[in-house]
Amino acid sequence: MAGRRAAVKAIDWAAFAERVPPNQRAMFNALKTRSDTLSARLAALPEKPPAIDWAHYKAAVAKAGMVDEFQKKFSALKVPEPVDTQTAKIDAQEKEAAKSTAEYVQASKARIAQYEQRLQTLRNMIPFEQMTFEDLHEAFPETKLDKEKYPYWPHKPIADL
Amino acid sequence: QCLAPLPPLPEKGGEVRYGLIPEEFFQFLYPKTGVTGPYMLGTGLLLYLLSKEIYVINHETVAAVSILSVIIYGVKKYGSTVAAFADKLNEEKVATALAVKNEAIKSLETAIEEEKKEQWRVEGCSYLFDAKRNNVAMLLETNYRERLLRVYNEVKKRLDYQVAMQNLKRQKEQDHMIQWVEKSVVQSITPQQQKESIAKCILDLKALSKSAQAAV
């Protein structure tokens, strides 16, 4: 039947655990315990229930036809499978997550590019002994005094002295 | 506006003799007058100024001589220590600036490392969804199996109940019959029959005892 036995994929919990950042470790542990309980429950149940010995019951039960009726009804019975409502939601979640992770990775790469640039300027800086103040402001833009915002000496708020 | 970086300032100033006269002057006169040339020029000039009274010796001269001697003594004695102190101040400033720069470089490098690590972490996102789907599949499977098991158990319970009921009924019938038969037999033993059976038992016993004695 389609839908039965959705394959349980083997998950490498060790590799998964490596990638979990420390602030989400509690959630990861909860997920793992839940998974483990589920798999334990699953393993405890037999795949098929044992077959009923109809011959024995037919011989034992005196009431005529009862066993036959039971047998007929039993073999005709179809146990309905539980309906899978969550997988679609999970797939949707996964798509969203993929999008947001792609964005995050983009932003992260942009940040890395910025850092690399700054690193290059710092590495190619001339030594301090040969610098003038203008050269210093080039290398460390935060030291530049804002003469428009604070036109009077010391060109920065007094609290920053 | 010149965009090339400035060449570094020289470490020491130009060479000077006696703190006043640059070395270039002596080198300039060396080809014509040799080593003593500039000194002869200096002495001659001085004597000319003094003898012609172009420079007049007065109180100011004495003041100048004493002040100059004190100054020169002070500089010669303490000059180097003061210079070292000033150099140390400058060194500290440069060292703090250098420390700032190194720290900035290190923090940037660690930041880059962290970002790379976060990117690697984010790649593990697929594990999470696999785990979730697995959980769902396991739940469904468990539920289905439970249902099958339940059906089986219920049917078996009912069949067993029927069998057990039958067995119980038969047992009760048997017991009752046995009891009834026993009661009727006991009732039917009349006193006459009892006496006869007791006499027969005694005779049997006597016969047995005779045969037993023989065996012993």
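A few points about this structure:
- Helical mean residue ellipticity (222 nm; -39500 (n - 2.57) per DSSP H run of 4+; nearest 500) of the protein assembly as shown: -25000 deg cm²/dmol
- If you sort the three axes of the alpha carbon gyration tensor as a ≥ b ≥ c, you get a/c of 1.5 or more for segment B:38-145 and a/b above b/c, which makes it prolate.
- Alpha-carbon centroids, segment A:85-131 and segment B:137-216: separation in whole Å: 87
- Cβ-Cβ FRET estimate between B:Tyr161 and B:Thr190, R0 fixed at 30 Å, reported to 0.05: 0.05
- For A:Tyr152 and A:Ala113, a Förster radius of 22 Å and the Cβ-Cβ distance give a FRET efficiency of 0.05, rounded to the nearest 0.05.
- Segment B:Val82-B:Trp120, extension gain: residue separation times 0.36 nm, minus the distance between their alpha carbons: 8.0 nm
- Looking at segment B:15-55, the GluC sites (Glu not before Pro) that sit in a DSSP loop and have at most 14 other Cβ atoms within 10 Å of their own Cβ are B:Glu15, B:Glu53.
- Tensor-based shape of segment B:136-216 (alpha-carbon gyration tensor, a/c under 1.5 rounded, otherwise prolate or oblate): oblate
- For the protein assembly as shown, the dipole from Cβ point charges (+1 on Lys and Arg, -1 on Asp and Glu) about the Cα centre works out to 3360 debye, to the nearest 20.
- Global form of segment B:84-190, assessed from the alpha-carbon gyration tensor, a/c cut-off 1.5: oblate
- Full extension of the chain between A:Lys73 and A:Asp91 gives 2.6 nm of extra length, using 0.36 nm per residue less the Cα-Cα distance.
- The magnitude of the dipole of chain B, with charges of +1 and -1 set on the Cβ of Lys/Arg and Asp/Glu and taken from the Cα centre, is near 2220 debye.
- Separation of alpha-carbon centers, segment B:35-53 and segment A:27-67, rounded to whole Å: 127
- Largest to smallest principal axis extent of the C-alpha atoms in chain B, angstrom: 196, 59, 38
- The Cα-based radius of gyration of the protein assembly as shown, divided by its Kirkwood radius, gives an Rg/Rh of 1.58.
- Extension gain, A:Asp160 back to A:Arg41 (0.36 nm per residue minus Cα-Cα distance, nm): 36.3 nm
- Under 15 Å from the B:Arg147 label point (7 Å along Cα→beta-carbon), backbone N, segment A:4-47: A:4-6
- Treating each Cα of chain A as one equal point scatterer and applying the Debye formula with no solvent, the log10 of I(q)/I(0) at q = 0.10, 0.20 Å⁻¹ comes out as -0.79, -1.38.
- Using the Cβ-Cβ distance between A:Met27 and A:Gln120 with R0 set to 41 Å, the FRET efficiency from 1/(1 + (r/R0)^6) comes to roughly 0.55.
We did not get these values from a lab; they are worked out from the coordinates using the rules stated. For clarity, every value in this text was computed on a predicted model and none was experimentally measured. So basically every Cβ, Gly included, is an ideal-geometry build from the backbone, and we count neighbours across all protein chains shown.
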